[in-house]
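A.B. asks: Take this structure first; my questions come after.
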Amino acid sequence: MVDPGIGFGKDLAGNLRLIKHIAQFKSLGVPVLLGHSRKSFLGQLLNAEVHAREQGTDAVTAWACLEGADFVRVHDVRRACEIRTTVQAIGNAP
């Protein structure tokens, strides 16, 4: 499993770049994990305290699902499952 380490020694631009290109990690042939929930880069981006970062977390979760991440590490598991189910349903629609 590979985890690009969102938030560890990276600035806002570096974190956003990793998230944008998360699909490239699939070429390693191992599952991809993204741990982004409520991270400080979302606080910087949204000017939001930790308790007010759910919308940003949701947006990154949806992006990760679209880009093929196998796992997301989040605080609100049910919410992430609903996002993944919705994204997959849209992708599977005729």
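A.B. asks: Can you tell me which of (1) surrounded by 15 or more Cβ atoms within 10 Å (Cβ to Cβ); (2) touching a strand residue (DSSP E or B) at 6+ places or on another chain (Cβ under 6 Å); (3) of a type in the set (A, V, I, L, M, F, W, C) is the one residue 71 doesn't meet?
C.D. replies: In the conditions (1) surrounded by 15 or more Cβ atoms within 10 Å (Cβ to Cβ); (2) touching a strand residue (DSSP E or B) at 6+ places or on another chain (Cβ under 6 Å); (3) of a type in the set (A, V, I, L, M, F, W, C), residue 71 misses (1) alone.
A.B. asks: Filter region 26-49 down to the residues that are in contact with a Leu (Cβ under 9 Å, 6 or more places away or on another chain) and not small (Gly, Ala, Ser), then identify the one that is surrounded by the fewest Cβ atoms within 10 Å (Cβ to Cβ).
C.D. replies: 44
A.B. asks: Quick one: which of 29, 56, 7, 35 is small (Gly, Ala, Ser) and modelled with pLDDT under 95?
C.D. replies: Among 29, 56, 7, 35, only 7 is small (Gly, Ala, Ser) and modelled with pLDDT under 95.
The values are calculated or read from the model by the stated rules, or taken from the named source; none is laboratory data. These figures come from a predicted structure and were not determined experimentally. Methodologically, a virtual Cβ is constructed for each residue, glycine included, from the backbone with ideal geometry; neighbour enumeration extends over all protein chains shown.
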